[in-house]
Amino acid sequence: MCCESKRRFLLLYATQKGQAKAIAEEIWQQAGAHGLEADMHCMSEMDKYNLETEKDPVVIVISTTGTGDPPDTARKFVKKIQDKTLPPDHFAHLQYGLLGLGDSEYMFFCNGGRTVDRQLQELGAQHFYDTGLADDCVGLELVVDPWIDGLWLALKEALQLQKEKEGMNNAVDAVPSSLSTAPHAVHELKLSSEVQNLKLEDEGARGSNTLSQKVDDINLVAPARDTEPSLVHSVPPISQCALNIPALPPEYIEVEFQDTQGENPHLSSLISEGTTFEVPVTKAVQLTREDAIKTALLLELDIADTAFEYQPGDAFCVICPNNVTEVEKLLHILGLSEKGDDFVCVKVKQGTKKKGASRPQHIPERSTLKFILTWCLEIRAIPKKAFLRALVECTSDVGEKRRLQELCSRQGASDYTCFIRDSNVCLLDLLHAFPSCKPSLSLLIEHLPKLQARSYSVSSSNLYQPGRLCFVFNVVEFPASPSRPVSWKGVCTGWLAELVAPLLHPSKNYPGKKGESSSTEKISIFPRPNNAFHLPADPSVPFIMVGPGTGISPFIGFLQHRQKLREQHTDWEFGETWLFFGCRHQDRDYLFKQLQCFLENGALTHLKVCFSRDSSTAEVAPPKYVQDVLRLCAKEVARVLLKEGGYFYVCGDKKHMADDVSDAVVDILSMEMEADKLEAMKVLATLREAKRYLQDVWS
């Protein structure tokens with residue numbers, strides 16, 4: 001079908017970390033094979049599209065960030081459609097389908113997409129296709145893939161209906177005749193047999209084979225004896241069936257090595273979030289004993305000579321590099337070990353078929369190869385299916401090529417989830433498992449996402465420690481696995497632990513008092529203010545803090561701040577404060593035993609602690625977890641929340657703690673109100689809405 005005859009639809013995306021954009025690009029690439037043309041724009045490019053006058057169907061892909069906020073690139077758009085002066089039929093002409101991305105580990109799942117969806121509906125817009133909500137917790141592809149598969153039929157029906165409305169019933173060549181009598185109802189999100197059997201043509205720049213691998217091809221692969229599937233091995237039926245694999249993404253990046261020398265860009269040029277500050281690490285303390293299961297460190301930064309400002313409860317981001325050893329391994333596999341310090345120029349490939357191709361913002365136009373792999377690319381990222389598809393073309397071994405095809409195919413979805421996603425497999429793991437795969441540097445730049453700065457909660461008060469910022473973290477450990485022969489430390493926490501080792505373990509090479517140093521080890525940070533997770537504006541309002549493990553971090557800042565306020569304002573009235581803290585062992589990982597000092601000076605009114613792994617000889621076993629202690633204090637918790645207008649703060653692990661705490665609060669409210677759980681849940685929802693039940697959690 002020629003370009004002129006393709007029917008247009010508008011494709012908008014709003015992304016925070018690139019996932020929504022990547023999915024939108026996949027839709028754009030597939031559209032041509034269906035006789036459609038996607039006019040794709042970032043939602044922030046409001047000068048390039050106009051929903052007020054848009055006649056064609058609109059497809060929206062939007063992620064969620066923070067505590068349920070739309071991504072930064074959607075803020076102006078959302079603000080515009082939330083204008084209270086707009087009439088209820090403002091978008092009555094608009095037909096749209098929306099795909100929201102989120103993570104159910106967090107409270108406001110897919111709220112960015114839900115917000116846009118709800119507002120468009122309130123302004124009269126109509127769905128031509130059901131909204132899809134994809135969950136990164138279990139795998140975005142579980143919803144994304146079937147949603148895209150069903151999109152084409154819905155789009156064609158919407159376009160057919162539009163033609164009929166325009167009196168163009170004779171122009172039906174863009175819609176199969178079998179669809180001409182189909183009802184124009186909104187589709188349920190399920191695959192019809194017609195969609196399941198689609199065999200799309202690969203319109204990528206590197207190959208023209210159909211996306212369905214023929215069963216005859218399988219004879220090229222020597223049968224393996226293993227009976228259990230793994231990253232590198234499959235079993236029937238997937239090992240013997242035809243495959244539906246994604247379209248080959250077009251190349252669009254070109255890398256040129258240069259003989260000239262120079263300097264790498266400053267790290268601040270990689271950050272678009274605002275001003276960065278390079279600050280020295282002045283103190284490092286290990287808060288856990290050597291035999292603790294996790295190693296927790298407290299670091300103190302000197303911000304006295306900067307304009308960095310924060311409140312207790314805020315977070316900030318640390319710009320961190322990839323592990324040096326992993327970068328060297330990657331250079332070796334790429335055959336570029338001798339060129340790591342060479343300068344390269346990164347630019348868009350001439351003649352690329354990628355729409356709107358541009359050099360990724362996080363990749364400098366000119367820098368050393370090692371700088372790109374160290375500071376710019378998330379080499380630990382779990383590879384997307386589009387990346388696996390591209391790696392197929394770089395793999396010479398027939399068996400390895402087939403397995404990569406399986407892992408990126410629709411039929412291999414469960415294998416992808418099990419052996420790639422759930423196993424946290426990264427590029428290095430893949431290249432180790434598939435040694436004949438030799439990707440180019442340009443391919444890595446095209447497919448690896450930006451190396452994200454890591455966020456940490458502030459664990460101090462500028463009122464208590466002027467010019468100082470403290471934070472606490474566990475050194476994250478990833479154990480060895482069948483797909484990874486060696487264990488890993490977290491990208492940022494492992495780097496920080498190595499950076500401050502001289503402060504933790506001074507020797508003749510690192511002179512100075514233990515825990516302190518006059519050395520100039522510096523890290524780059526930038527603020528990430530929290531709009532809600534702050535102390536109550538009225539100091540007389542009581543509040544409850546729940547923070548097991550390193551979740552106690554922001555509450556140290558709360559209590560330091562409260563202590564200074566009490567010292568400076570002896571005539572103020574201060575509400576009571578509760579802290580619920582838990583850890584495994586009292587003698588190994590009780591992170592802040594000086595909490596007793598806050599009790600003594602009055603900053604903390606009630607301290608409740610529990611130790612989940614300590615044995616007890618008591619006749620009645622003590623509570624193990626913070627949610628258990630909360631239930632023992634049910635009357636006091638209910639009094640603070642229901643009668644005294646208090647606040648409730650939770651910080652820590654979402655999956656294994658925050659949900660259990662939320663359930664405990666519902667039980668407490670239900671019991672003390674003598675109401676059913678549904679009523680108690682409504683009360684908790686009201687507290688959340690009023691910003692009196694606040695969470696700072698991670699998964």
Looking at (1) farther than 30 Å from M681 by Cα; (2) of a type in the set (K, R); (3) open to solvent by 40 Å² or more (accessible area, probe 1.4 Å), which is the one condition that is false for R114? (1)
Conditions (1) within 26 Å of P146 (Cα to Cα); (2) over 23 Å from the mean Cα position of the chain (by Cα); number of the one not met by G399: (1)
Do we find a residue being without any contact (Cβ under 8 Å) to a residue 60 or more places away in the chain, assigned to a loop (DSSP other than H, G, I, E, B) and of a type in the set (A, V, I, L, M) anywhere in segment 636-647? no
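Could you pull out the residue among V324, V348, V398 that is out of contact with any strand residue (DSSP E or B) (no Cβ under 9 Å at 6 or more places or on another chain), under 30 Å from Q29 (Cα atoms), open to solvent by 40 Å² or more (accessible area, probe 1.4 Å) and modelled with pLDDT of 95 or more?
Result of the check over V324, V348, V398: V398.
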Considering only segment 447-460, state which residues are surrounded by 22 or more Cβ atoms within 10 Å (Cβ to Cβ) and farther than 29 Å from M545 by Cα. H447, L448, L451
Since S104 meets every condition but one in (1) touching a Cys at 6+ places or on another chain (Cβ under 9 Å); (2) assigned to a helix (DSSP H, G or I), which condition does it not meet? (2)
If I go through segment 661-699 residue by residue, how many of them are under 27 Å from N531 (Cα atoms), open to solvent by 60 Å² or more (accessible area, probe 1.4 Å) and part of a helix (DSSP H, G or I)? 5
Matching residues, segment 267-310, being in a loop (DSSP other than H, G, I, E, B), in contact (Cβ under 8 Å) with a residue 24 or more places away in the chain and within 30 Å of R613 (Cβ to Cβ): L287, T288, R289, D291, A292, I293, K294, T295
Counting only residues in segment 470-496 that are surrounded by 14 or more Cβ atoms within 10 Å (Cβ to Cβ) and among the hydroxyl-bearing types (S, T, Y), the one nearest to T282 (Cα to Cα) is identified as T493
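Only one of V392, V425 is buried (at least 20 other Cβ atoms within 10 Å of the Cβ) and out of contact with any Pro (no Cβ under 8 Å at 6 or more places or on another chain); which?
That would be V392, the only listed residue that is buried (at least 20 other Cβ atoms within 10 Å of the Cβ) and out of contact with any Pro (no Cβ under 8 Å at 6 or more places or on another chain).
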Scan segment 649-657 and give yes if some residue there is without any contact (Cβ under 8 Å) to a residue 40 or more places away in the chain and either farther than 24 Å from S461 by Cβ or in the same structural domain as E105 (by the TED database) (or both), otherwise no. yes
Assess whether I303 counts as being over 26 Å from the mean Cα position of the chain (by Cα), β-branched (V, I, T) and under 30 Å from Y464 (Cα atoms). yes
Criterion violated by R631 - all others in (1) closer than 17 Å to F108 by Cβ; (2) at pLDDT 95 or above satisfied: (1)
Residues of segment 53-68 satisfying the condition of being farther than 11 Å from F9 by Cβ and assigned to a loop (DSSP other than H, G, I, E, B): T53, S63, T64, G66, T67, G68
Quick check on my filter: what residues within segment 401-420 are surrounded by fewer than 18 Cβ atoms within 10 Å (Cβ to Cβ) and in contact with a Gly (Cβ under 7 Å, 6 or more places away or on another chain)? T417
Of (1) surrounded by fewer than 12 Cβ atoms within 10 Å (Cβ to Cβ); (2) of a type in the set (D, E); (3) over 33 Å from the mean Cα position of the chain (by Cα); (4) at pLDDT below 50, E194 fails just (1)
Any residue at all in segment 246-263 that's under 30 Å from F526 (Cα atoms), outside the structural domain of I363 (by the TED database), open to solvent by 40 Å² or more (accessible area, probe 1.4 Å) and touching a helix residue (DSSP H, G or I) at 6+ places or on another chain (Cβ under 6 Å)? no
Give segment 607-624 a look and list any residue that's more than 26 Å from V285 (Cβ to Cβ) and not acidic (D, E), or say none. S615, S616, T617, A618, V620, A621, P622, P623, K624
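Restricting attention to segment 548-590, which residues are touching a Ser or Thr at 6+ places or on another chain (Cβ under 7 Å), outside any strand (DSSP E or B) and either under 15 Å from D653 (Cβ atoms) or not basic (K, R) (or both)? Explain how you work it out, then say what you get.
Kept after step one, since they are touching a Ser or Thr at 6+ places or on another chain (Cβ under 7 Å), are these residues of segment 548-590: 553-554, 556-557, 560-562, 564, 573-578, 582, 584, 588-589.
Right, trim to outside any strand (DSSP E or B) and you get 553-554, 556-557, 560-562, 564, 573-576, 584, 588-589.
Passing the criteria: S553, P554, I556, G557, Q560, H561, E573, F574, G575, E576, R584, D589.
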Just one of K608, K624, K593 is assigned to a strand (DSSP E or B) and open to solvent by 40 Å² or more (accessible area, probe 1.4 Å); which is it? K608
All conditions in (1) farther than 17 Å from A158 by Cα; (2) at pLDDT below 90 are true of E52 except (2)
Among the residues of segment 569-604, write down those that are over 33 Å from the mean Cα position of the chain (by Cα) and in contact (Cβ under 8 Å) with a residue 40 or more places away in the chain. G575, E576, D587, A603, L604
For the subset of segment 258-300 comprising residues that are closer than 15 Å to S553 by Cα and not aliphatic (A, V, I, L, M), which member is nearest to the chain's Cα centre (by Cα)? T295
When you look at I379, is it modelled with pLDDT of 95 or more, assigned to a loop (DSSP other than H, G, I, E, B) and open to solvent by less than 20 Å² (accessible area, probe 1.4 Å), yes or no? yes
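For segment 24-40, give me each residue that is open to solvent by less than 20 Å² (accessible area, probe 1.4 Å) and farther than 20 Å from Q95 by Cα.
Listed by number, the list holds a single entry, G32.
The values are calculated or read from the model by the stated rules, or taken from the named source; none is laboratory data. Fair warning: this is a prediction, and the values are worked out from it, not measured in the lab. All Cβ positions, even for glycine, are placed from backbone atoms using ideal geometry, and neighbour counts span all protein chains on display. Each accessible area value is taken on the protein alone, full model and side chains, heavy atoms only, with ligands, DNA and RNA left out. Shrake-Rupley method; radii C 1.70, N 1.55, O 1.52, S 1.80 Å.
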